[in-house]
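Data first, discussion second: the structure below is written as structure tokens.
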Amino acid sequence: MRKYAVIYRSVCMENLQYAANIVMGFASYFVFIFIFIMLWNYIYQMPGEVIAGYTKEQMIWYVMMTEMIWFASNSASVAGSVTTDIRGGNIAYLMNKPYHYTLYILTKYTGEWSIRLPMYALLAAAAGIGMVGAVPGFPISRLPLMILCVILGITVNAVFLICIGLLSFWIEDATPFRWLYDKLILVVGTIFPIEIFPEALQPFFKLTPIYTVCYGPAKLIVDFSDSKCVEILLAQVLYLAAGCGLMFYTYRKGVRKLYVNGG
Amino acid sequence: MQAIKAENLSKSFRVKRKEKGMRGSIRAILHPQTEEIKAVDGVSFTVEEGEILAFIGPNGAGKSTTIKMLTGILYPDGGKVEVLGIDPVKKRKQLAYHIGTVFGQKEQLWTHLTPYDNFQFFSAIYDIPDREARKRILELADCFELGAFINTPVRNLSLGQRIRCEIVASLIHKPRVLFLDEPTIGLDPVVKETIRSLIRQMNEEMHTTIFLTSHDVGDIEKLCKRVVIVNAGKIVLDEPMEHLRNADLAGIPLENIIMEIYKSEEGRAGL
Amino acid sequence: MSMEADRTRADLMFAAVKNQLRVSLLSVKYNMMREMVNKVTFVTNIIFMMLNNATILVQWIILFHLREEVGGYTLKEIMLLWGMTAASYGLSHILFARVFFLPELVISGKLDAYLVQPKSVLLGIMTSATDISAIGDFLYGLLVIGIFGHQGRGLYLFPLFLITGTVIFTAFALLMGSLSFWFVRMDMLGRQMMLGMVSFATYPDGIFKGVSRFLLYFIIPVGMAVYHPVHLMIRFDKGMLFTVLGYALLLGTVSVAVFYRGLRRYASSSLMEARM
């Protein structure tokens, strides 16, 4: 375990150097948030109107939180580094190191987002309170649970992204698959809460990773309830276990293919 | 006529510094520190047309920076440059028609295309009409013995074959001066020898002036009539090859002489 | 000055332009050949990018389910926005993909190879790579315009706006990228601005008001690249047309001038450590 801690620490240090870049990334976040505030301002016409069970303030906070997770997790970097390692042949060296390659990537990636997430969280909280006011009835005492939920969400996402990156063992470039996965998460879980979709589709969405990656954590932040919290945390743990299983399995298959074909 | 004239040439760079550890990382964000390095410091020399000159020195001595100033990529901070009577700073494009460059460590070729396609591309760059280009390519392919692989994508070629193609690509437009920056880096001895004899042949037949940087003593010994050694941005030795060969005869191998000069701050130690 | 001398000068200029064009077209052709080496990747990239763009339809179907119009747009106009944006963004990335990576090239000193060639440095850099997925964007744009463009003078005006849009996207990237000649950290900001531009371009301008509207028309030039063209395709207006043309020309000129200014600094500067 200690070796992963050392990897984590050095990635954190490396990323601190890019702190200025992260601040620049805020600009994009603001653009998104701004567009959505404008959009929802236009769509909610009457004060106090409720759409799909969300007030305007809740709806805007929802997007702010999902976008915060989205930007802090920066999915391109995790799937991208797996793809580059495999395609560039770097994998041959990393494979034989005394750590598990997928866990190495996961740790490295954790180091990356753990610098970004607090910065985005501060920014999002400040922007949210400044622009739409605090979330009505926000239970401060439950904050640690919410944070746990966000962290689990990002990790589940990372595990799935690594799986997608591992597809590069078989196909030349896994990037197109990442686009589709990203878009799915974005369209279904990030810009709208699941409740806005036709009821017939909702149970289906609950079975996809979308439910645990963005929707779950954001829903808890805008509209907390203990039962919901237990449900989401449970789903996340299950997804994490299943995702890791898939990740180890894919990796093992991929490595075997590499040995057979010699890359 | 003088092909290259450099007078009191200088160039400095600013380099960032970072202290170690987490604290150093944070400090580097808050107070970025830089220091100035004189990459080239008052360098003067001339190269006659048709000459083969070795421009050598340890890593970071200012060799590449000098080549970049001679080819118009970098502007000097001070001093004057003239290549074929043209000022590279003012007339970079005009000069480009008359010089060729090969950077051993940087590829100029499109790796997924065949050498032939590449040469056609370079012909277009130098405004050579198609028919003439075809003739020229065949001529060079013959001379450099590229026939066997002229239709194989560059990425499938060996390093030696590649570098031969790089050199041909830089000769398409019959340059009068050729800059070779470590052309034999990473090649095996046999291929090195081929490249050297081709360079020599080119110099003899076309009277091309050659400005060569290398770490390989063999390149210098076998090709050059004159050696300029730079260290820490300054010229520490500028002698005809013969003088060095004479020292060699006195029992000190050329390699040792060069090593001595590299190590000594003032240069000229061994002679 | 005699007429003869004038004529030879004009001839020389014409020959120079022709030669430059020959090199640039060859560049674009070679880029395509490079990407087509792996046919499966080539095709999947294009198809997946088209699908990727199409998923956004879901968002708009949901939104139009809530309101009949959003910012004065119905689904048909939203599709025009998408078509216009995807096509010009795509074309710009097919022909001039490297301009979007200008900061990396500047910082790592990779402009050198272009500086020893007797051709336009700018065109040499811009055309030195392509982006396959952009072909998907471009085709998606054409498809969408083909289906939804039959209103007003849409189909006649589209080719013109495809050109102005491509010029504006490229020039804006060039302008942002050129700033990295002066400021090392510009790469991120430039990228952000480009992303911002694309994000804004796919939402109806009717939802933006006041200062943000001004910004969208003048600072991030989405208005001139996409909104005005879409308005013009629906309802023609001569004044607006000339504004778009004038703006494209102006932005193009300014960005090229800034680039060459920066290039001079590149050659004379002392700040790039990686360039030794």
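Among B:Glu107, B:Glu166, B:Glu139, B:Glu145, which is the only one that is crowded, with 20+ Cβ neighbours inside 10 Å and acidic (Asp, Glu)? B:Glu166 is the lone residue from the list that is crowded, with 20+ Cβ neighbours inside 10 Å and acidic (Asp, Glu).
Considering the stretch A:55-100, and only residues there that are at pLDDT 90 or above and of a type in the set (Phe, Trp, Tyr), the residue that is farthest from the chain's Cα centre (by Cα) turns out to be A:Trp61. Screening the stretch B:57-78 for residues that are touching a Ser or Thr at 6+ places or on another chain (Cβ under 6 Å) and outside any loop (DSSP other than H, G, I, E, B) and picking the one that is surrounded by the fewest Cβ atoms within 10 Å (Cβ to Cβ) gives B:Gly78. Note on the stretch B:98-124: among residues that are of a type in the set (A, V, I, L, M) and touching a Ser or Thr at 6+ places or on another chain (Cβ under 8 Å), the one that is farthest from C:Thr130 (Cα to Cα) is B:Ile99.
For the stretch B:79-92, a residue qualifies if it is within 11 Å of chain C (Cβ to nearest Cβ) and out of contact with any helix residue (DSSP H, G or I) (no Cβ under 9 Å at 6 or more places or on another chain), and exactly one does: B:Lys91. Of A:Ile140, A:Ile154, A:Ile105, all but one fail to be buried (at least 16 other Cβ atoms within 10 Å of the Cβ), of a type in the set (A, V, I, L, M) and more than 13 Å from the chain's Cα centre (by Cα); the exception is A:Ile105. Looking across the stretch A:165-203 at every residue that is under 30 Å from A:Gly254 (Cβ atoms) and among the polar types (S, T, N, Q), the one that is surrounded by the most Cβ atoms within 10 Å (Cβ to Cβ) is identified as A:Thr190. In the set C:Ile61, C:Ile107, C:Ile46, only one residue is over 15 Å from C:Asp131 (Cα atoms), crowded, with 16+ Cβ neighbours inside 10 Å and either touching a residue at least 24 places away in the same chain (Cβ under 8 Å) or within 14 Å of chain A (Cβ to nearest Cβ) (or both); that residue is C:Ile107. Among the candidates B:Ala96, B:Ala141, the residue that is more than 26 Å from C:Glu35 (Cα to Cα), of a type outside the set (Phe, Trp, Tyr) and either within 12 Å of chain C (Cβ to nearest Cβ) or in contact (Cβ under 8 Å) with a residue 60 or more places away in the chain (or both) is uniquely B:Ala96. For the stretch B:47-56, residues that are surrounded by fewer than 22 Cβ atoms within 10 Å (Cβ to Cβ) and part of a strand (DSSP E or B) total 1.
Applying a threshold of 7 Å to beta carbon distances and a minimum spacing of six or more residues, or different chains, the list of pairs starting in the stretch C:125-152 at a residue that is among the small types (Gly, Ala, Ser) and ending at one that is surrounded by fewer than 18 Cβ atoms within 10 Å (Cβ to Cβ) reads C:Gly136/C:Ile47; C:Gly149/C:Leu155; C:Gly152/C:Ile234; C:Gly152/C:Arg235; C:Gly152/C:Phe236. Among the conditions (1) under 29 Å from C:Gly190 (Cα atoms); (2) modelled with pLDDT of 85 or more; (3) surrounded by fewer than 18 Cβ atoms within 10 Å (Cβ to Cβ); (4) touching a helix residue (DSSP H, G or I) at 6+ places or on another chain (Cβ under 6 Å), A:Ile43 misses just one, which is (1). Would you say B:Thr213 is within 17 Å of the chain's Cα centre (by Cα), hydroxyl-bearing (Ser, Thr, Tyr) and modelled with pLDDT of 85 or more? Spelling it out, B:Thr213 is indeed within 17 Å of the chain's Cα centre (by Cα), hydroxyl-bearing (Ser, Thr, Tyr) and modelled with pLDDT of 85 or more.
Checked against (1) small (Gly, Ala, Ser); (2) more than 14 Å from chain C (Cβ to nearest Cβ); (3) touching a Gly at 6+ places or on another chain (Cβ under 7 Å), A:Ser10 passes all but a single condition, namely (3). Those helices (runs of 4 or more DSSP H) of the stretch C:157-266 in which at least 1 residues are basic (Lys, Arg) and within 14 Å of chain A (Cβ to nearest Cβ), considering only elements entirely within it, cover C:186-201, C:211-218.
The residue of the stretch C:74-92 that is nearest to C:Phe148 (Cα to Cα), among those that are of a type outside the set (A, V, I, L, M, F, W, C) and touching a residue at least 60 places away in the same chain (Cβ under 8 Å), is C:Lys76. Please name all residue pairs, on different chains or six or more residues apart, with Cβ atoms under 7 Å, provided the first residue is in the stretch C:8-31 and is surrounded by 18 or more Cβ atoms within 10 Å (Cβ to Cβ) and the second residue is in a helix (DSSP H, G or I) and among the aromatic types (Phe, Trp, Tyr). Taking only residues 6 or more apart or on different chains, the pairs are C:Tyr30/B:Phe121. Looking at the structure I just gave you, is A:Val135 assigned to a loop (DSSP other than H, G, I, E, B), more than 14 Å from chain C (Cβ to nearest Cβ) and either out of contact with any Lys or Arg (no Cβ under 6 Å at 6 or more places or on another chain) or in contact (Cβ under 8 Å) with a residue 12 or more places away in the chain (or both)? Against the criterion (assigned to a loop (DSSP other than H, G, I, E, B), more than 14 Å from chain C (Cβ to nearest Cβ) and either out of contact with any Lys or Arg (no Cβ under 6 Å at 6 or more places or on another chain) or in contact (Cβ under 8 Å) with a residue 12 or more places away in the chain (or both)), A:Val135 qualifies. Among the residues making up the stretch B:140-152, those that are modelled with pLDDT of 90 or more and assigned to a loop (DSSP other than H, G, I, E, B) are B:Ile150, B:Asn151, B:Thr152. The single condition from (1) crowded, with 24+ Cβ neighbours inside 10 Å; (2) modelled with pLDDT under 90 that C:Gly149 fails is (1). For A:Pro118, the conditions (1) under 20 Å from the mean Cα position of the chain (by Cα); (2) buried (at least 19 other Cβ atoms within 10 Å of the Cβ); (3) modelled with pLDDT of 85 or more; (4) not aliphatic (A, V, I, L, M) are fulfilled apart from (2). Under 30 Å from C:Ile135 (Cα atoms) and more than 14 Å from every other protein chain (Cβ to nearest Cβ), is that true of A:Ala158? So A:Ala158 fits the description; yes. When we screen A:Ser114, A:Ser75 for residues that are within 30 Å of C:Lys39 (Cα to Cα) and touching a residue at least 12 places away in the same chain (Cβ under 8 Å), the only hit is A:Ser75.
The single condition from (1) among the aliphatic types (A, V, I, L, M); (2) more than 24 Å from C:Ala201 (Cα to Cα); (3) within 14 Å of chain C (Cβ to nearest Cβ) that A:Val78 fails is (3). If you check C:Thr55, C:Thr127 for being within 13 Å of another protein chain (Cβ to nearest Cβ), in contact with a Lys or Arg (Cβ under 8 Å, 6 or more places away or on another chain), crowded, with 21+ Cβ neighbours inside 10 Å and of a type in the set (S, T, N, Q), only one passes: C:Thr127.
Evaluation of B:Phe121 against the conditions (1) surrounded by 15 or more Cβ atoms within 10 Å (Cβ to Cβ); (2) over 24 Å from the mean Cα position of the chain (by Cα) shows that the sole unmet condition is (2). Checked against (1) surrounded by 13 or more Cβ atoms within 10 Å (Cβ to Cβ); (2) within 27 Å of A:Leu180 (Cβ to Cβ), A:Arg252 meets all criteria but (1).
Just one of (1) within 14 Å of chain A (Cβ to nearest Cβ); (2) closer than 23 Å to C:Lys209 by Cα fails for C:Met79. It is (1). Output yes when any residue across the stretch A:26-49 is among the small types (Gly, Ala, Ser), farther than 23 Å from A:Cys149 by Cβ and within 14 Å of chain C (Cβ to nearest Cβ), and no when none is. Yes, the stretch A:26-49 has at least one match.
The values are calculated or read from the model by the stated rules, or taken from the named source; none is laboratory data. Keep in mind the model is a prediction, meaning the values are calculated, not measured. Don't worry about glycine lacking a Cβ; one is built from the backbone with ideal geometry, like all the others, and counts go over all protein chains shown.
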